[in-house]
1. Quick check on the range A:134-254: take the gyration tensor over C-alpha atoms, sort the square-rooted eigenvalues as a ≥ b ≥ c, and tell me if it's rounded (a/c under 1.5), prolate or oblate.
2. Could you grab the relative contact order for the range A:62-218? Cα pairs under 8 Å, six or more apart, rounded to a whole percent.
3. So how strong a dipole does the protein assembly as shown carry about its Cα centre when Lys and Arg Cβ are +1 and Asp and Glu Cβ are -1, to the nearest 20 debye?
4. Kindly identify the protein assembly as shown as rounded, prolate or oblate by the Cα gyration tensor criterion: order the square roots of the eigenvalues as a ≥ b ≥ c, call it rounded if a/c is under 1.5, otherwise compare a/b with b/c, prolate if a/b is larger, else oblate.
5. What fraction of the DSSP beta bridges in the range A:2-153 is antiparallel, stated in percent and rounded to the nearest 5?
6. Take every DSSP beta bridge with both residues inside chain B and express the antiparallel ones as a percent of the total, to the nearest 5.
7. Beyond 31 Å between alpha-carbons counts as too far, so tell me which of A:Lys149/A:Lys203; A:Lys95/A:Lys254; B:Lys95/B:Lys140; A:Lys180/A:Lys250; A:Lys117/A:Lys203 fall in that bin.
8. With both bridge residues required to lie in the protein assembly as shown, what share of the DSSP beta bridges run antiparallel, to the nearest 5%?
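What follows draws every value from the coordinates through simple rules; no lab data is involved. What you see is a predicted model, and the numbers here were worked out from it, not measured in a lab. Heads up, the Cβs are rebuilt from the backbone with ideal geometry, glycines too, and the neighbour counts pull from every protein chain shown.
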2 protein chains.
Amino acid sequence: MRIVVLGSGNVATHLALALNAAGEEIVQVFSLNLNHAEALAKKIQAEAINNISKINRLADLYIISVKDDAINSIASELRGIEGLVVHTSGSTDIKILSSELKNAGVFYPLQTFSKSKALDFGNIPICLEATDEKQLDILKNIAQKLSPKVYLIDSQKRRVLHLAAVFACNFTNHMYYMSKQILVNNNLDFDIIKPLITETADKILNYSPENVQTGPAVRNDDTTINRHLNMLADLPELQEIYTTLSNSIKLSHK
Amino acid sequence: MRIVVLGSGNVATHLALALNAAGEEIVQVFSLNLNHAEALAKKIQAEAINNISKINRLADLYIISVKDDAINSIASELRGIEGLVVHTSGSTDIKILSSELKNAGVFYPLQTFSKSKALDFGNIPICLEATDEKQLDILKNIAQKLSPKVYLIDSQKRRVLHLAAVFACNFTNHMYYMSKQILVNNNLDFDIIKPLITETADKILNYSPENVQTGPAVRNDDTTINRHLNMLADLPELQEIYTTLSNSIKLSHK
């Protein structure tokens, strides 16, 4: 398999490194920013390009891992290519590729990526979709080299997964941020709350979230809720979020 | 140290087990529900009582670990006792005890407890407060046997911690619940999203939440946000939460 990676962001970087470590040959890394392309290409002995006309059009697999709204224009540039072209986006339909290209697919690793944080790909669910069985087999074969958690997920279900991930990851991280704001505003160190964050996430591996909900809202403890709302008087935005979420917890546990 | 534990809920249970494992002598467990008192007392070779008039009034330390609104009445029952009386509540002032009792304090383990899940106390921050230095030393001495993370936190700051914990734990768990709802409504398994939950919490140990925020809101990706809102048409409550939190993330990262 000769692979071309298009993109040099968080997902492109982690995926290229993992594929390289699994013994796959990545021949090119494309990025509009040549420095970014080179930074990644150097790590995996690939060629860095920033001009899409220089792309190797005879590779076996093209992985487009760019911002969602840039996938379309890259797909147009790849028109006529015989190899399999996939994107890595949770919220983008396979059609964006299959309407332009003969062999298309999706290779969506369901994880949050930061360039600077090492990741064990072996624990990442990889969600696959392809235009036909043969292309799907190619993707399955590669995905299984990276992770035992390989799922076949169509575009509609992948969108659902992505939405669920916004709650489980993006909104959760924002909860951490608001928690930190409250502590820092009162000269307390964010570190003190980290074991609680770890345990809250750890619990969910073995328990259903509805069975381990704790706190004033699930106890209908309005005295504490009102005291908390008073304490948030200087942070009206957090006050609104506190009210909305407490009401939602109460409703869910009626 | 002869210790009496008043309460048999999640915190009382974990704390009593940890103290027992650390070699402390727990002489009595009080609970209005005798079965609950006995279940815990049996595990730590203590006497179970459900009548507070039978309490051993000569112990060194009394740990009141009950619902916040029941602390007051228990404190009244303990009036006249010479030993140190503490509660374990994040949101309750030390005054609830010090107004009734000579030697009072707070022993607040900042963690989320479920009876059925084993916990390593060694990673739990323990927040202490006491009416005087001598009582504080007694608490420090015991706390250090359980955890290296011992903090001196007054009642005002402890209330702040508790509020921050509502965001970091209670609201976060509710995010997991909503994520599960979305998946289950679409015949997807909650398990598929668990590695994402783990990594999101893991990241925060080494990065500031504002620096690792990902998702459509922080990218100002209104196309995806609007698609997600449409997908939540059948779950108007989640739709409202999605809007509120996305706006808050946008504002925080302006």
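1. It is prolate, given that a/c is not under 1.5 and a/b is the larger ratio.
2. The normalised contact order for the range A:62-218 reaches 15 percent.
3. Here the size comes out at about 300 debye.
4. prolate
5. Here the antiparallel bridges make up roughly 20 percent for the range A:2-153.
6. 20
7. Cα-Cα > 31 Å for A:Lys95/A:Lys254; rest within.
8. Of the beta bridges lying entirely in the protein assembly as shown, close to 20 percent run antiparallel.
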